[in-house]
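What follows draws every value from the coordinates through simple rules; no lab data is involved. Everything quoted here is computed from the prediction, not taken from an experiment. Glycine gets a Cβ as well: all are built from the backbone with ideal geometry, and neighbour counts include every protein chain shown.
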Amino acid sequence: MPPVISPLAVFGFSALNKEGTKMIRNPVLPGFHPDPSILRVGDDYYLATSTFEWYPGVRVHHSRDLVNWRSLGGLLNEPRLLDLSGVPDSGGVWAPDLTYANGLFHLVYSVMDNYAHGYKDVANYLVTAPAIEGPWSDPVRLPGRGFDAALFHDDDGTSYLLNMVFDSRPGRGFAGIELQPLDGGKARLIVENRSVSEGPHIYRAGGWYYLMLAEGGTGYEHRVSVLRSRSLEGPYEDDPAGPMLTARHDPGLDLQKAGHGCLVQTQDGDWYLAHLAARPYTTRGRCVLGRESAIQRVEWQDGWPRVAGGVPAVEVPAPALPPHPWEPAEEEWSTLRRPASPGWVSFDGGRITIEGGQSPYGLRAPSLVARRVTSTRCAFETTIDFEPATVHQWAGITAYYNSRNWYHLALTPDGLLLTGSDRGARTVHYSGGAATRLGLEFDGPVLRFSADGETIPVDLDATVLSDENADEIIDGQIRSFGFTGAFAGLWVQDLAGEGCRATFRETTYRAR
């Protein structure tokens, strides 16, 4: 029996307003889908998003109407393209940039090995492919000292590398935005003295160069700012109307943390902005679903691209393109810090067999196969075949955020055990006899587990699995960031490396 297809396996949120206009319903990509880079090639639209410590790297969705989206999986799906072994929580792939020029797709991505204690150990890479499905070239390391790198292809055929510059000297930090020809010409600082400016993109329209920045950090002060210049190298001036998009002044908006924008122009000349946003459970509270992708309509006013009111809307008029819904797709899985390979995981129809890996706190070879949580109310279930032989062997299901924040219902040599980790502090919540059908349910801020159809009588705090709880800053020093989102998954641990395996079947996920 194949996995049950979630109604969100193919995303499509459309509605009609009272005038009968087709609307985009935000977020277009619910759950963990941050830092969107949007691209149109002909009639096809692509959204690339950050994946951090999860494989496959750089998830891409495809649309032909900006309303209905289907996943094409991840572009970086093999060690040749991406090595995530040992990266910290919310390290790994940051802020991809997807462009198209000279018959090739260009993908730029940052790999963050460390972001703590005032340092950024990061490398930026470029790969190209003749088609979005690949094959992708071997990665080429790009110059520069920073992250959120992007390409700009000018009308004369010259391509430029654009990235923020990070200064790791004590008391420093964001040093500005740097531009240099991709062929290796001299780098120039085109913007400086702006606090927390990242995610740069350049566009050319109407004789102007427009520089789009993500500013204010990626929390509740986040915003999209636009500057412009007659010259590519500046000087750049700010839009006098203020940020193009932000929710920082209105905690009552449904979409918060709006920022990290990217523009696209339709075939008919209309403009739209893809950006990240989040939906907290309470006012300016915790975000279990993580940062999601949304789309806003853009109007040009006085030579500036602007969003109505400068705030993110849940419903947005869709472009006048033919509706293009997609057929339901098979369930997608992500794996933690290492790609799915026959050496440790196999997919056989509806059966998933996993060989055990490291402990929950291991950062090199965990055996966790999971899918994004896309709704505040959803259920996940599986039937497990597993016989632990030693105390080192556990297998079961998990509600997971990162290595320090998770819940795990597992079969152990002592029976069923429900444990949790809150910022690294491990707690036993329940123990009982053996079971074969395991389940979990997100009910808003409450998380419940079940065994053989019976709910375990413990209400757990689902908001432990949130961006905010994952952020750890001690004495002003960053220990960990929360940049991802909640997952539901299958987890097998074999701490002694004895070769234990567990098989999962009839696995279902349903959003409610």
(message) At 0.692 mPa s and 37 °C, plugging the Kirkwood radius over alpha-carbon pairs of the range 334-511 into Stokes-Einstein gives what diffusion coefficient in µm²/s?
(response) 202
(request) Please turn the phi angles of the range 35-46 into ³J(HN,Hα) values with the Karplus equation 6.51 cos²θ - 1.76 cosθ + 1.60 (θ = phi - 60°), one per residue in order, whole Hz, x for glycine and proline. (result) 6, x, 10, 9, 8, 10, 10, x, 9, 10, 10, 10
(request) Take the Cα atoms of the range 382-480, find their three principal axes, and give me the spread along each one in whole Å, biggest first. (result) 46, 32, 18
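In debye to the nearest 20, how big a dipole does the range 334-511 give about its Cα centre with +1 on each Lys and Arg Cβ and -1 on each Asp and Glu Cβ?
Result for the range 334-511 is approximately 460 debye, rounded to the nearest 20.
Under the rule a/c < 1.5 gives rounded, and otherwise a/b versus b/c splits prolate from oblate, where does the range 448-512 land using the Cα gyration tensor?
Note, shape of the range 448-512 comes out oblate.
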(request) Report, by chain and number, residues whose modeled amide H sits under 5 Å from the one on residue 53, excluding near sequence neighbours (fewer than 5 apart, same chain). (result) 90, 91, 93
(message) Which one, 394, 462, 440, is farthest towards the positive end of the dipole of the chain when Lys and Arg carry +1 and Asp and Glu -1 on their Cβ?
(response) 462
(message) From Cα pairs below 8 angstrom and at least 6 apart in sequence, can you work out the relative contact order of the chain, rounded to a whole percent?
(response) 16
(request) Can you list which of the GluC sites (Glu not before Pro) found in the range 128-199 are DSSP loop residues with at most 15 other C-beta atoms within 10 Å? (result) 133, 192
(request) In whole Hz, with x marking every Gly and Pro, tabulate ³J(HN,Hα) for the range 440-449 from phi via Karplus 6.51 cos²θ - 1.76 cosθ + 1.60, θ = phi - 60°. (result) 9, 9, 8, 10, x, x, 10, 10, 10, 10
(message) Using square roots of five times the C-alpha gyration tensor eigenvalues, list the equivalent-ellipsoid semi-axes of the range 109-171 in whole Å, biggest first.
(response) 27, 16, 7
(request) Quick one: check the C-alpha center-to-center distance for the range 126-155 versus the range 421-496, whole angstrom. (result) 36
(message) From the phi angles alone, apply the Karplus equation (6.51, -1.76, 1.60; θ = phi - 60°) to the range 307-313 and give each ³J(HN,Hα) in whole Hz, x where the residue is Gly or Pro.
(response) 9, 3, x, x, 10, x, 9
(request) Could you check how many percent of all C-alpha pairs in the range 30-129 are farther apart than 16 Å? (result) 56
(message) Would the range 324-428 count as rounded, prolate or oblate if I go by the C-alpha gyration tensor, calling it rounded below 1.5 in a/c and otherwise prolate when a/b exceeds b/c, oblate otherwise?
(response) prolate
(request) Specify which labelled value, from [x] 87.4; [y] 24.7; [z] 23.5, agrees with mean projected area of the Cα convex hull in nm² derived from the coordinates of the model shown. (result) [z]
(message) List the residues, sorted by chain then number, that are 5 or more residues from residue 286 or on another chain and whose placed amide H is less than 5 Å from its amide H.
(response) 281
(request) Mind putting a number on the dipole of the range 193-294 about its Cα centre? Charges go on the C-beta only, +1 for Lys and Arg and -1 for Asp and Glu, and I need it in Debye to the nearest 20. (result) 300
(message) When a/c reaches 1.5 or more, the comparison of a/b and b/c decides; with that in mind, is the range 237-335 rounded, prolate or oblate per its Cα gyration tensor?
(response) oblate
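Place a +1 charge on the Cβ of each Lys and Arg in the chain and a -1 charge on the Cβ of each Asp and Glu, then give the dipole magnitude about the Cα centre in debye, rounded to the nearest 20.
360
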(message) If N is the number of residues in the range 15-317, what value comes out of its Cα radius of gyration divided by 2.2 N^0.38 Å?
(response) 0.94
(message) Tell me which trypsin sites (Lys or Arg not before Pro) from the range 440-508 have a DSSP coil assignment and no more than 13 other beta carbons within 10 Å of their own.
(response) none
(message) Amide H of residue 68 versus every other amide H placed in the peptide plane: which residues, excluding those fewer than 5 positions away on the same chain, fall under 5 Å?
(response) 324
